[in-house]
Amino acid sequence: MQLKPVPLALCALSSTAGLMSFHSLAAQQAEAEKMTTVVVTATRIEQPLSETNGSVAVITSEDIAREGSTELYDVLSHEPGVSVSGGAGRPQTITIRGMSGNRIAVIKDGVKVADGYGASDLNDVAGHNSFDLGDVKQIEVVKGADSSLYGSGAIGGVVVLTSKTASDYLASEDHYAGLEAGYSGISDKYTSTLTTAARLGDTAHLVRLSYWQGSESKNHDQSLYLRDIDGFNAALSSEWFLNDSWMLKGKAEYYQQQMRREQGIPPTQPDGGGWQASSFLEEGETTTLSVRAGAEWEGEALLAEQADINLYYRQTDTLSDKDIAMQRTQEGLVFKRRQSERRAFNDHLIGLSADLQQRAAHGEVEHAIAWGMELESMLHERPVSKRVADWSGDTQQDSVPFASARTHSLGVYLHDDIHWGKWNLVPGLRFDYQQMSSEVDDSIGGYPLHELSSSELSPSLSLAYQWTADLNAYLSYSHGFLAPSYAKAYGFVPHLSSDLGNFVIRPNADLEAETSDNLELGAKYDDGQFAVYGAVFYSVFDNFISEKTIGWNEAAKYAEVQYQNLDGVKTYGAEMSVSYWFSERLNLVSKLGIVDGEDEHGEPIRTLTPLEGNSMLLYQQDSWQGFVRVNYAGAMDKVPSCQDELGISQRCAATSGWMTLDAGAGFNLSPDFRINASVHNLFDRQYTRYQDVAGVSEAQTTFSTEPGRYFSVNAKYRF
């Protein structure tokens, strides 16, 4: 069965964001409606979405433009079972079916993006948003573990981003030049982009230059200390078509975003509270340099008919500087102190990958085989420099709370998509080996460090039956794993103050990899006019890595905490998506999902999702389209326990149900000029999404409301 990619023009009117087959019209055709299906590649083998044996969401660049989205937070917020905390100017953490942080693999153009940084996988320092969304062609979200294809980190899900190439802009033309501009009211963010592409003989080249300026995402009453942000992205990609079989390709990209805030409160001081900031300056910068060179081949050989080979390098550095002058009054005396701090988070990756495909037929049995390998080496560093000047003197302290470490990894996978009549069987297997060691010292904080190795076999198996031409059902099993991160194995982090909750995190180089076993039962019906996708899932996570208090240091008066492998965590839930075309112009789409779960003690885990969904009505004509969407969520009171500032256990924050309304329209003002505009939270509803306050006490939710009414607009002009 030959599967061909869907032309980009036919994807432009996608209304299902990839959760079902969708209806598209070419702008020049007014006759009979034409039906097509999204082709997904997150499974390594291109296939229509209605034929994938699992839950995959697809968001196209046209969907992103229609919404005016500029952040992962905006793009993924309408997918059942998926949520993103944070926003512009803040770290963004993706949660899929109850798993978050680095338990979700984020891959851009075949390369994993930098890890997020934050305690308990709350990425409160740096998230997964160290790249520009402006040139993204398609985002595919695999819901549930996929380590049999993507290895460590894909224990909870995978987000695959694919960038546009010169061929996507040129189509049948030899030259392209365009300007894009936009505004997003959620963060007063202005964006502008210049894109040029050219076909020169047997080569095609693309240059994109983007710039943006704005502020941190707002809450409802705009009471946050907002950071100002500005950034730019420059990308050059080329394709060289050597002959009918070989294409060489290369891409170089540089991303930089800077943040600045001049308001804030002093950090906790070891000699108690009462300090007030007389001046505050926080500056941050995130840069990503990525370079990739590769080749694609098509032909006839014993082991493959397609091959994609890539050599790549990615360097992501996040730098945070704080300079705070503070004072307090005690017994009539004024005490002053100045504290400056610099924290760096460096994540450098070099790798080689090869992905191959082969199709074969044996009688009535058809095989689509995908196999390949990855070889990577990654360096992790988090140095800290701190200076304090007060009446007692001027002290400089340089520390490395996390030992610099290098990780070497090898992954080899094999998948076979087997069709036999109405049956579809897809077995898969991947082997991963990872070795991590300290780059500098063999101890940290007086505790010994040693080399940490992990290996894992990750199988997957799915079985589907095509009941009719429009209906299929499937049962799938997948295994996921996450090798211990250096932050949890090689960290010695004191949290000391005058409060009662003092503790020190000790290293643990004996951690074992986390694993998950996932079952999903689903069905997909799509007759071209009416489509229903539904799935229920159940996942069990073993050797879950989390903090555990292991002792008390009486002399220094602090608790000793260590990351350890704990007993199982389980999650379960359901998702459904329905689409109906009333006519060739009017489409209704509804999505709904819920994620439940608990730890080994029966207590709810932090990253659950209440019953949440949306319903969108999309109307389209040849020259314009419009949409109205209702977003809704139920109340969430199934929450874990938290600790207040004094270490006293209490119930974590809960949230009430809510409903909001969004609307937007897009216009082709000319064949070369298009504009999209949208308004979000039309009735200015004040509400809080549970995902933004999950796992924190009620006292910490003051600034966590969602933004009020805001507008987005973007325009694209082709010269």
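The values are calculated or read from the model by the stated rules, or taken from the named source; none is laboratory data. Predicted, not measured: the structure shown is a model, and the values here were computed from it. Note: ideal-geometry Cβ built from the backbone for every residue, glycine included; neighbour counts use all protein chains shown. For the accessible areas, the whole protein counts, side chains as well, though only heavy atoms, and no ligand, DNA or RNA atoms are used. Shrake-Rupley method; radii C 1.70, N 1.55, O 1.52, S 1.80 Å.
If you go through region 331-341 one residue at a time, do you hit one that is under 35 Å from the mean Cα position of the chain (by Cα) and not polar (S, T, N, Q)? The answer is yes; a qualifying residue exists. In region 384-404, the qualifying residues are those that are of a type outside the set (A, V, I, L, M, F, W, C) and over 35 Å from the mean Cα position of the chain (by Cα), and the one that is nearest to G284 (Cα to Cα) is Q396. Only one of the numbered conditions (1) open to solvent by 10 Å² or more (accessible area, probe 1.4 Å); (2) outside any strand (DSSP E or B); (3) over 29 Å from L352 (Cβ atoms) is not met by L133, and that is (3). Per this entry, L375 is not counted among residues that are open to solvent by 20 Å² or more (accessible area, probe 1.4 Å) and modelled with pLDDT under 95. When you go through (1) open to solvent by 70 Å² or more (accessible area, probe 1.4 Å); (2) without any contact (Cβ under 8 Å) to a residue 40 or more places away in the chain one by one for S278, which number turns out not to apply? Every condition holds for S278 apart from (2). Among the candidates S238, S217, the residue that is in contact (Cβ under 8 Å) with a residue 24 or more places away in the chain and touching a Pro at 6+ places or on another chain (Cβ under 9 Å) is uniquely S217. The residues listed here are A252, A301; of these, the one that is surrounded by fewer than 19 Cβ atoms within 10 Å (Cβ to Cβ), among the aliphatic types (A, V, I, L, M) and modelled with pLDDT of 95 or more is A252.
Any residue at all in region 157-175 that's without any contact (Cβ under 8 Å) to a residue 40 or more places away in the chain, aliphatic (A, V, I, L, M) and open to solvent by less than 10 Å² (accessible area, probe 1.4 Å)? So far as region 157-175 goes, yes, one or more of its residues are without any contact (Cβ under 8 Å) to a residue 40 or more places away in the chain, aliphatic (A, V, I, L, M) and open to solvent by less than 10 Å² (accessible area, probe 1.4 Å). Does region 673-686 contain any residue that is out of contact with any Lys or Arg (no Cβ under 8 Å at 6 or more places or on another chain), of a type outside the set (K, R) and under 17 Å from Y73 (Cβ atoms)? Checking region 673-686: not a single residue is out of contact with any Lys or Arg (no Cβ under 8 Å at 6 or more places or on another chain), of a type outside the set (K, R) and under 17 Å from Y73 (Cβ atoms). Residues in region 37-66 that are acidic (D, E), open to solvent by 20 Å² or more (accessible area, probe 1.4 Å) and within 16 Å of G666 (Cβ to Cβ): E62 only.
Restricting to region 656-685, and then to whatever is β-branched (V, I, T) and under 25 Å from the mean Cα position of the chain (by Cα), can you tell me which residue is nearest to N714 (Cα to Cα)? The extreme case among them is V679. For region 46-53, state whether one or more residues are within 14 Å of the chain's Cα centre (by Cα), polar (S, T, N, Q) and at pLDDT 85 or above. Looking through region 46-53, none of the residues is within 14 Å of the chain's Cα centre (by Cα), polar (S, T, N, Q) and at pLDDT 85 or above. Note on region 457-567: enclosed strands (runs of 3 or more DSSP E) holding 3 or more residues that are surrounded by 22 or more Cβ atoms within 10 Å (Cβ to Cβ), in contact (Cβ under 8 Å) with a residue 60 or more places away in the chain and in contact with a Ser or Thr (Cβ under 7 Å, 6 or more places away or on another chain) are 471-482, 514-526, 530-542.
Right, R406: open to solvent by 40 Å² or more (accessible area, probe 1.4 Å), among the basic types (K, R) and either part of a strand (DSSP E or B) or free of Cβ contacts under 8 Å to residues at least 40 places away in the same chain (or both) or not? Answer is yes for this residue.
If I filter region 351-371 down to residues being touching a residue at least 60 places away in the same chain (Cβ under 8 Å) and within 30 Å of A405 (Cβ to Cβ), which single residue comes out as most open to solvent (accessible area, probe 1.4 Å)? Here the answer is D355. Might you check whether a residue that is farther than 20 Å from A57 by Cβ, open to solvent by 20 Å² or more (accessible area, probe 1.4 Å) and at pLDDT below 90 occurs anywhere in region 569-582? Among the residues of region 569-582, not one is farther than 20 Å from A57 by Cβ, open to solvent by 20 Å² or more (accessible area, probe 1.4 Å) and at pLDDT below 90, which makes the answer no. With a cut-off of at least 1 residues that are on the phi < 0 side of the Ramachandran plot, touching a Pro at 6+ places or on another chain (Cβ under 7 Å) and crowded, with 18+ Cβ neighbours inside 10 Å, name the strands (runs of 3 or more DSSP E) lying wholly within region 610-698. Fully inside region 610-698 and qualifying: 624-633. Would you check if there is a residue in region 150-159 being closer than 29 Å to D684 by Cα, in a loop (DSSP other than H, G, I, E, B) and at pLDDT below 95? No - not one qualifying residue is present in region 150-159. Please determine, by comparing only the residues of region 114-130 that are within 12 Å of the chain's Cα centre (by Cα) and open to solvent by 20 Å² or more (accessible area, probe 1.4 Å), which one is modelled with the highest pLDDT. Among those that are within 12 Å of the chain's Cα centre (by Cα) and open to solvent by 20 Å² or more (accessible area, probe 1.4 Å), it is D115. From the set of residues in region 304-320 that are open to solvent by 40 Å² or more (accessible area, probe 1.4 Å) and of a type in the set (D, E), which is farthest from R382 (Cα to Cα)? Per the criteria, the residue is E305.
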